[in-house]
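S.K.: Please see the structure below; I have some questions.
The values are calculated or read from the model by the stated rules, or taken from the named source; none is laboratory data. Keep in mind that what you see is a predicted model, and the values were worked out from it rather than measured. Methodologically, a virtual Cβ is constructed for each residue, glycine included, from the backbone with ideal geometry; neighbour enumeration extends over all protein chains shown. Quick note on the areas: whole protein, heavy atoms, side chains included, nothing else; ligands and nucleic acids left out. Shrake-Rupley method; radii C 1.70, N 1.55, O 1.52, S 1.80 Å.
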Amino acid sequence: MWLRGSARTIRRRMLCLWLLLVGLLILTLSDLFHGGTQQEAATPRRTLGSPDDSDAMVQFRDAALELVVDFPVNSLQEDQLLFVGSTQGTKNPPHNKKWGYKVLLPAAKKQDREGKETRQEEVSPPEVRHPECLGELYSESLPSASVVICFHDEAWATLLRTLHSVLNTAPKDFLLELLLVDDFSTRDNLKSMLSEYVSNLDGVRLIRSTKRLGVGGCRSLGASRASGEVLVFMDSHCECHSGWLEPLLERVAQDRTRVVSPIMDMIHWQTFQYNATQWPVWGVFNWNLDFYWESKPELLDKDPDLAVEPVLSPALGGGVLAMDRHFFHKVGAYDPGIVLWGGEQIELSIRVWSCGGSMEVVPCSRVAQVDHQRHLPYRFRDQEQLERNKIRIADTWMDAYRKIFYRRDTLAHFIRQSESPNITERLLLKRTLGCQDFHWYLTTVYPQLYIPQDRAGLSGELYNIASGGCVDYRPGHGGAIIIAPCSGTGSQHCDLNSDGEVRWGSEGVLCLGAVEKRVVLSECASHPPISNKQQWKFIKLSGQLVHQQSQLCVEAVKQSIPPSDGGSHSSAGDLFLRPCTSHPTQQWHFEQLVSP
Ligand code: UDP
Ligand code: MN
């Protein structure tokens, strides 16, 4: 437990008490000035502690939280919501009590324009589990779990919601401890106020890192202090559904080399709209080494039994991840060379699979996470650092296939030319554990991933002689491809393979084709047989790209009409099929940015 009772803590408490008194004084004064409405608005805050709760510390804690609402503490201004648990920590565990979150808005926003309403919402995740999951019975002797929540400058309310969400949903029999690991946060309220708060919760420990570790390093730190049989890593912005933990523990108990994840739903960071992820879903990555979840709901129609069965997954995201603690250490924890953010989940995934483990998504377990894509609680993202993380993955795990990555990410290629990662220890680990190579991983674990051929002269940026631009893709415009300035980053890479397909981008799932006379990108027809609508022949001598079905040539046509959506775009032209000529608008060249 976090140590309490030091002179510093007592001083801090005195300060808080003073603040509390000042707060009460201000409240009383404002009541005098504003009369009854304000009184009503304040009422819910006064009922935070359950009336029969005689624990002075709990009362004190709630009072401190109230102050946070009423005073414009700078670091809390972004936190629109204040967490109020319906149960007080774990001291009075919820017996048959429906748990929920009440959400209070800051005082200024509590009144509507007429000044009468107190806005209070009940926010708990909607039931999105399959009905069959609700009746599932799990063994009573599941392994114990340590939940490890790393955070760096997470919003106070979000962090506390996550924490209480775990405490409210994880059965006490299995939840051994919850470790909050502070990855060197800078926010004021995450310092003594958080220590204070946590010191009153049973089974919750706060660990502080003295330097910034990043996602993987922070998790490894948490894991080294954990004593549960199973580690459950969780992001600091999650909401757990009831019954989320048991199915995960059961799968790990059955096979200690299994690494499992719940279905991760999404909560919009601003509107709090709940987006249930479609099942079946699994984690994958592309040749750019970017991770994403892929849903294939249509598979359920073919096989309804799939509804509640775990599915194997080539990779898993880090939102929530459960694995045996000994297996975690044995397999090499998180790669300490992957720093700050990005790539750590892909590295762990390839390693787990290649070195004797497996990964799966368990559909009866559901956790939602706040999607903060555009609203990171901390400033990042050092693009070059992210590239270095990817370089480590490529060089440690991808053997000769790493070329495919470097061709699609030329920044990584150039960084790699001037510096090499120190991966000696990881390569040693790989040898010691007797891990499989990447070819095995691609063929056994992730055969869905298209393996580009990237032949010399038949892959790279597709450069047009007349316009001096390259073929580019505008997602979300009916598969429209255009001529745009050549990026040189690898983002315009395509690959004319021996089946005659021109495969686009880092997933390789989109193919060049034609709708009437317009050249478009659409999903590659599953082969065999390959649709000849998507087959091409490149004549190196003339630079012509010939559509096999129509025997017409691809021509770059200068854009004369503004785009129909009214938006401006930087396109220098569109692509059409035209009778073949030797005009430079029909002359193409595959520009290889990284030699094969
Ligand atoms: N995190 C951390 N240190 C860092 C960056 C992130 O401890 O340097 C925490 C972060 O607070 C979150 C988790 O690691 O709980 C994963 O980070 P994030 O949610 O930003 O990653 P994403 O979900 O976008 O992959
Ligand atoms: Mn996250």
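S.K.: So which GluC sites (Glu not before Pro) in the range 125-233 are both in a DSSP loop and have at most 12 other Cβ atoms within 10 Å of their Cβ? Don't skip to the answer; put the middle values down first.
M.R.: Details: sites: Glu127, Glu132, Glu136, Glu140, Glu154, Glu177, Glu196, Glu229; in loops: Glu127, Glu136, Glu140, Glu154, Glu229.
Those satisfying the criteria are Glu127, Glu140.
S.K.: Using label points projected 7 Å from each Cα along Cα→Cβ, tell me how many nm separate Ser550 and Glu309, to one decimal.
M.R.: In this crude label model, Ser550 to Glu309 measures out at 4.4 nm.
S.K.: While we're looking at this one, here's another question. Take the Cα atoms of the range 218-306, build their convex hull, and give its volume per residue in Å³. Can you show the working numbers first?
M.R.: Numbers: hull volume 15.6 nm³, N = 89.
So the per-residue hull volume is 175 Å³.
S.K.: So if we plug the beta-carbon distance of Asp202 and Ser124 into 1/(1 + (r/R0)^6) with R0 = 25 Å, what FRET efficiency do we get, rounded to 0.05?
M.R.: Here the calculated transfer efficiency is 0.65.
S.K.: What do you reckon, how do Asp265, Asp173, Asp188 stack up by accessible area (1.4 Å probe), largest on top?
M.R.: The residues order as Asp173, Asp188, Asp265, largest area first.
S.K.: May I ask you to order 448-454, 409-415, 155-161 by the average number of other C-beta atoms within 10 Å around their residues, highest value first?
M.R.: Ranked from most to least packed, the peptides come out as 155-161, 409-415, 448-454.
S.K.: Working out 0.36 nm times the residue gap between Gln278 and Glu132, then minus their Cα-Cα distance, what length gain in nm do you get to one decimal?
M.R.: 50.9 nm
S.K.: Okay, next question. Roughly speaking, to the nearest percent, how much of the range 202-350's 1.4 Å accessible area is carbon and sulfur? Write out the running numbers ahead of the final one.
M.R.: Values: 2650 of 5290 Å².
Carbon with sulfur: 50 percent of the solvent-accessible area.
S.K.: Let me ask you something else. Would you mind estimating how fast the range 497-542 diffuses translationally, via Stokes-Einstein at 4 °C and 1.567 mPa s with the Kirkwood radius over Cα pairs, in µm²/s?
M.R.: 117 µm²/s
S.K.: For labels at Thr186 and Asp399 in the simple 7 Å Cα→Cβ model, what's the distance in nm?
M.R.: 4.4 nm
S.K.: Another one. Taking the simple approach of a point 7 Å from Cα along Cα-to-Cβ for both Glu140 and Leu428, what is their distance in nm?
M.R.: Computed distance between label sites Glu140 and Leu428 equals 4.8 nm.
S.K.: Between beta-carbons, use under 14 Å as the cut-off and find the net charge around Lys533, counting Lys and Arg +1, Asp and Glu -1.
M.R.: -1
S.K.: So, one more: Give, in nm to one decimal, the length gained when the segment between His268 and Glu294 is fully stretched (0.36 nm per residue of separation minus the Cα-Cα distance).
M.R.: Computed gain between His268 and Glu294 is 7.5 nm.
S.K.: Would you please give the residues with an amide H less than 5 Å from that of Leu552, counting only those at least 5 places away or on a separate chain, with H modeled from the backbone geometry?
M.R.: His547
S.K.: Figure the gain on full extension for Glu384 and Asn532 (residue separation times 0.36 nm, minus the Cα-Cα span) and round it to one decimal in nm.
M.R.: 49.2 nm
S.K.: Same structure again: Would you please give the FRET efficiency between Ala525 and Thr257, computed as 1/(1 + (r/R0)^6) with r the Cβ-Cβ distance and R0 = 41 Å, to the nearest 0.05?
M.R.: About 0.65, to the nearest 0.05.
S.K.: Moving to a separate point now. Over what distance in Å are the Cα centres of the range 130-181 and the range 577-596 separated?
M.R.: Each part reduced to its Cα centre gives a spacing of 56 Å.
S.K.: Estimate the FRET efficiency between Asp173 and Ser420 by the formula 1/(1 + (r/R0)^6), using the beta-carbon distance for r and 51 Å for R0, to the nearest 0.05.
M.R.: Computed FRET efficiency for Asp173 and Ser420 comes out at 0.55.
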